[in-house]
1. Determine the calculated [θ] at 222 nm for chain B from helices alone, applying -39500 (n - 2.57) to every DSSP H run no shorter than 4 residues and normalising by the residue count; nearest 500 deg cm²/dmol.
2. For chain B, compute Rg over Rh where Rg is the Cα radius of gyration and Rh is the Kirkwood radius from the inverse mean 1/r over Cα pairs.
3. Would you tell me the accessible area of B:Glu386, worked out with a 1.4 angstrom probe on the heavy atoms of the protein chains, in Å² to the nearest 10?
4. So what is the relative contact order for chain B, in percent, with contacts set as C-alpha pairs under 8 Å and at least six apart?
5. Can you give the accessible area per residue of region A:384-453, in Å², using a 1.4 Å probe?
6. Could you do me a favour and compute the accessible area per residue for region B:1-82, 1.4 Å probe, result in Å²?
7. Ignoring everything but the protein chains, give the 1.4 Å probe accessible area of B:Tyr432 in square angstrom, nearest 10.
8. Set the Förster distance to 41 Å, then compute FRET efficiency between B:Asp422 and B:Gln58 from the Cβ-Cβ distance, nearest 0.05.
Protein chains: 2
Amino acid sequence: MTQSTLDHIDSTLDQRLERLFEFIRIPSVSTDPDHAADVRKAADWLAQTLRDMGADAQVHATTGHPMVTGHLPGPQDAPHVLFYGHYDVQPPDPLDLWVTDPFEPTLRDAGDDKHITGRGASDDKGALMTFVEACRAIIETEGALPLRVSFLFEGEEESGSRSLPGFLAKAAKDLTCDVILVCDTDMWDRDTPAVTTMFRGLVGQELTIRAGDRDLHSGMFGNAAANALAVLADVLAALRSDDGGVSLPGFYDGVVPPPASWGNLAFDEAGFLSNVGLSVPAGEADQSVLAQVWARPSCEIHGIWGGYTAPGFKTVIPCEAHAKLSFRLAAGQDPVLVRESFQAFVRNRIPADCSVEFSDHGLSPAWAMDASNPYLGPTLQALEAEWGQSTTCGTGGSIPIIGALKEHLGVDALLVGFARFDNRIHSPNEKYDLSSFHGGMRSWVRILEAIAK
Amino acid sequence: MTQSTLDHIDSTLDQRLERLFEFIRIPSVSTDPDHAADVRKAADWLAQTLRDMGADAQVHATTGHPMVTGHLPGPQDAPHVLFYGHYDVQPPDPLDLWVTDPFEPTLRDAGDDKHITGRGASDDKGALMTFVEACRAIIETEGALPLRVSFLFEGEEESGSRSLPGFLAKAAKDLTCDVILVCDTDMWDRDTPAVTTMFRGLVGQELTIRAGDRDLHSGMFGNAAANALAVLADVLAALRSDDGGVSLPGFYDGVVPPPASWGNLAFDEAGFLSNVGLSVPAGEADQSVLAQVWARPSCEIHGIWGGYTAPGFKTVIPCEAHAKLSFRLAAGQDPVLVRESFQAFVRNRIPADCSVEFSDHGLSPAWAMDASNPYLGPTLQALEAEWGQSTTCGTGGSIPIIGALKEHLGVDALLVGFARFDNRIHSPNEKYDLSSFHGGMRSWVRILEAIAK
């Protein structure tokens, strides 16, 4: 019976794509307060999409953006799966680097494949819709699903998932399940889908350095007066040691080495970097690039601003300087300790007459899946049936909600990814390959069938 | 005859102030292309002001903002003075820190004095007008000046004086004079006007660091990919050594020690810093604060921008980072060599797969006046007659045009200042004390009389 559903997906690809386009057109940028109504619109669109499939769907208000839940019935003796996805997207800027409107998706030829281009095409609207459309296709051909499926869609994944723990605490009973399925990760390579079994945690921080009580003239005060931007540059530079590591005291305490099995993965370090115009690995000199991005903790500066930044020149000594940065954490690191260590590091380093203020942007530990999970084997086999091969892997990104889901629902998550390495998520011209979308839907049909057995 | 002019100034202060207000209301921000028409308007206003006084005045187009020249006749056997001033102003931002509109000047009680508040109230519109109004008052009371006076007003002083050298080369004959008078500097203290006999040079630079060909996701690439902001922070931090000095190789070669006579000036280091909310001198630990700001070269960061700076959070590794900075130079330093040394320093420090692009924002040597200048003594005496005392001093600011004036016109400049230390030039709420304006006009009447003898 799987085959008839797969055939149905193949023959109705255009309609499925059009629904994804509708979804991408909603500019649900969760971090930008100006887009709050768009985020709400995306939540409503999803709830209606689930209802159209016969689900009991609801939009739940939170102190942040809404949560969407839904339930589709299935046999009581089969496992109950919960699918998690997020309907919010990253800001599209810098806008001038997009070749098309980020919120007007296009489908264009790209060699052997086609590209769906738009903000969220991959992360996570395209990926999320592979699962939703797989369920829809099964219902359309079979009349019902082979197992019970619940949905949880979040609108704050790109801005810290602040409302999620509180919501899960209240909704745990409604979201009871045997396993959580997530689609927000990459394939290992163009032809090999992957189940991600570990990822890094995140500590997001914003800081404001203040020096003096006003901007000053560099001719009158230059040298003698503390310069907030110079103090900030000094602090940020000091966070990295000369060997490419993070220099916070105790930062690497307890960090677990990468799994030995990764040594078997054919990873092209030079190609990984040259694909984005780089050639020199920037992290710890004694670590492979794969270990640097999957297993080793890091510190990255996301934004700096302060002083005179308009055209022309102004010889000012600015009294305020700002930065946003984050630490990616490895299994074994305590996010709270990292945050405290960072704040103490900054406070200790700035001159006595300067001050610093911090604000938090997310805090989550790294995660590694239990290797004995009973759903891992059937999922890898279903993926292999569709693609010819499959693998497990790690990822350097953070999916902070996995920890929260496990804590509140008591089950682990299976992270199945169809995104390609070069999807430019969070960057201009984000895209999702048509083969990711198409193969993703077909894969989920097979996975649900495999898990239901 | 001086006394009748001084009395006339005292009795007509309001009209003189109103003309200054008119001038300040023109937002002649030279560095901002959006204000080009305002800059032109200020030039026209000045030319008309000179014509109203009987001068032969002209506005000269340049490749940048216009030059204004004018000539007022006087006895052929007396010296011929050229007064230089600038009619452009710094940008007013950050606007939210102004307590009044920067271009709607106000006069408000401030203890024993009153404050003229507005962008350019001190630098240089208020100061410039002390001289213009002094000439006007002499003509109003005496019918003519005791010596020939020419005027040169520039509209690019706050943005690099790019057109000045070329203009001076062409206009040198029209601007022939025996001495140049400039009013753009500070008093030594509230009660002591000063002739500034040395100031620092300037090398202004903007730089853009590029790392990779696109913004990247810090989860996917964090650690392994060069981060343009981290590279920039590293370069900027490395420009200052741990002892507060500038770490460019050879930077201090040839720098002349501060004059021993400065040791006699009663300078309140703690008060200088506490007045602006600071307490720790930030420059070379073995130099006095006065030496740090007047005599020692420096490096200050004026602006940094790059990556995600809007509200919220974006875990991006930015591919571009920008900064504006300048070096203040001491006598003995070659600005061209400093620029080359800086650019080489940056190129040597950035990773091999990153690039840097520079643009120039001004280049001028430091300057020290010839101690035997015959006009220095009479000027100091005239100042003492008005204020009870006077002094020579240095300044940490740069007046790049002095070098150009000397090169093209062959004479040195006398820098006479009535600005107060706390005038907040280049900062929000710039002000000029009414006593500076009033005493400045009276001083110039005395100085012109003294020089004419």
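1. On the way: 13 runs with 147 residues, N = 453.
Helix contribution divided over all residues of chain B: -10000 deg cm²/dmol.
2. Details: Rg = 23.3 Å, Rh = 23.4 Å.
With Rh from the inverse mean 1/r over Cα pairs, Rg/Rh is 1.00.
3. 40
4. Working: 941 pairs, mean separation 116.7, N = 453.
Reported relative contact order: 26 percent.
5. Details: 1880 Å² over 70 residues.
With all protein chains present, region A:384-453 gives 27 Å² per residue.
6. On the way: 3670 Å² over 82 residues.
Accessible area per residue, region B:1-82: 45 Å².
7. Solvent-accessible area, nearest 10 Å²: 0 Å².
8. Values: r = 37 Å, r/R0 = 0.90.
Efficiency, from the Cβ-Cβ distance: 0.65.
The values are calculated or read from the model by the stated rules, or taken from the named source; none is laboratory data. Quick caveat: nothing in here was measured; it's all calculated off a predicted structure. Heads up, the Cβs are rebuilt from the backbone with ideal geometry, glycines too, and the neighbour counts pull from every protein chain shown. Accessible surface is based on the protein model in full, side chains and every heavy atom, while ligands, DNA and RNA are left aside. Shrake-Rupley method; radii C 1.70, N 1.55, O 1.52, S 1.80 Å.
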